[in-house]
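Please treat every number below as a calculation from the coordinates, not as lab data. On a predicted model such as this, the values are computed, not experimentally measured, just so you know. Heads up, the Cβs are rebuilt from the backbone with ideal geometry, glycines too, and the neighbour counts pull from every protein chain shown.
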């Protein structure tokens, strides 16, 4: 048939293998998808801009802060009655150290200080070696007046000890030691190795010991028996703490 015949301009030249129905369905789907993607929102139903949401949030935060400082909004006092104390949340007991009685808590701190500063000479049992290092077990200077013991620990010792025997020169241990450390190690040695002083040397007392030590004629120099018994045979000042008082094992402060 000639290409110039009228029929050739009215009938598409389709490949016999072309599935017209399938092609038509595909075109319909593509048009529908395009319409969904490009669909314009109806007037008044456009989504709120993220910038608008962010701006509103900033305004609310500023307003809450201002009103909170003025005492009208977001105040703890308005939400809870006076004297109210929050209870511990379930499982909260595992979040921090549990209170201990003062003697145990101070001794635990002191045990660590003893291991770091004293164990090498006086031994883990506190008995020394009998030749170069004296025993702390049963020592009158250990279980006696707290100020005397504190001066020995902080400044060291030279010459004879309480039993009249000399053991060379003990160096002072004040370097890097806090009041809590001193209180702990004093409590520890006074209540271990067979010693039973039965008291707690508090951080307040230890602070006083640092002050006394700094006021010596030769601060930091080893003390001797004459100075110790003549000037420091006293109890350290400070409020006593009952051994069974519950304290925070980290701060050694009583639990209110």
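Taking the beta-carbon count within 10 Å as an exposure proxy, list 140, 248 from fewest neighbours to most.
Working: 140 11, 248 15.
Taking fewest neighbouring Cβ atoms as first place, the list is 140, 248.
Which ordering of 182, 252, 50 is given by a fewest-first count of other beta-carbon atoms within 10 Å?
On the way: 182 27, 252 22, 50 8.
So the ranking, lowest neighbour count to highest, is 50, 252, 182.
Between residue 52 and residue 119, what length comes free when the chain is fully extended (0.36 nm per residue of separation minus the Cα-Cα distance, one decimal in nm)?
Length gained, residue 52 through residue 119: 17.3 nm.
Taking a ≥ b ≥ c as the square roots of the Cα gyration tensor eigenvalues, with a/c under 1.5 meaning rounded and otherwise prolate when a/b beats b/c, else oblate, which class fits the range 101-169? Walk me through the intermediate numbers first.
Values: a/c = 1.91, a/b = 1.46, b/c = 1.31.
Since a/c reaches 1.5 and a/b is larger than b/c, the shape of the range 101-169 is classed as prolate.
With the cut-off at 1.5 for a/c, could you classify the range 100-247 from its C-alpha gyration tensor as rounded, prolate or oblate?
oblate
State whether the range 103-142 is rounded, prolate or oblate according to the following rule on the C-alpha gyration tensor (a ≥ b ≥ c being the square roots of its eigenvalues): a/c under 1.5 gives rounded; otherwise a/b larger than b/c gives prolate, and the remaining case gives oblate. Show your work: numbers first, answer last.
Details: a/c = 3.01, a/b = 1.57, b/c = 1.92.
It comes out oblate by the Cα gyration axes.
Sort 106, 193, 210 so the one with the fewest other Cβ atoms within 10 Å of its own Cβ comes first.
Numbers: 106 30, 193 21, 210 16.
By the 10 Å Cβ count, ascending, the order reads 210, 193, 106.
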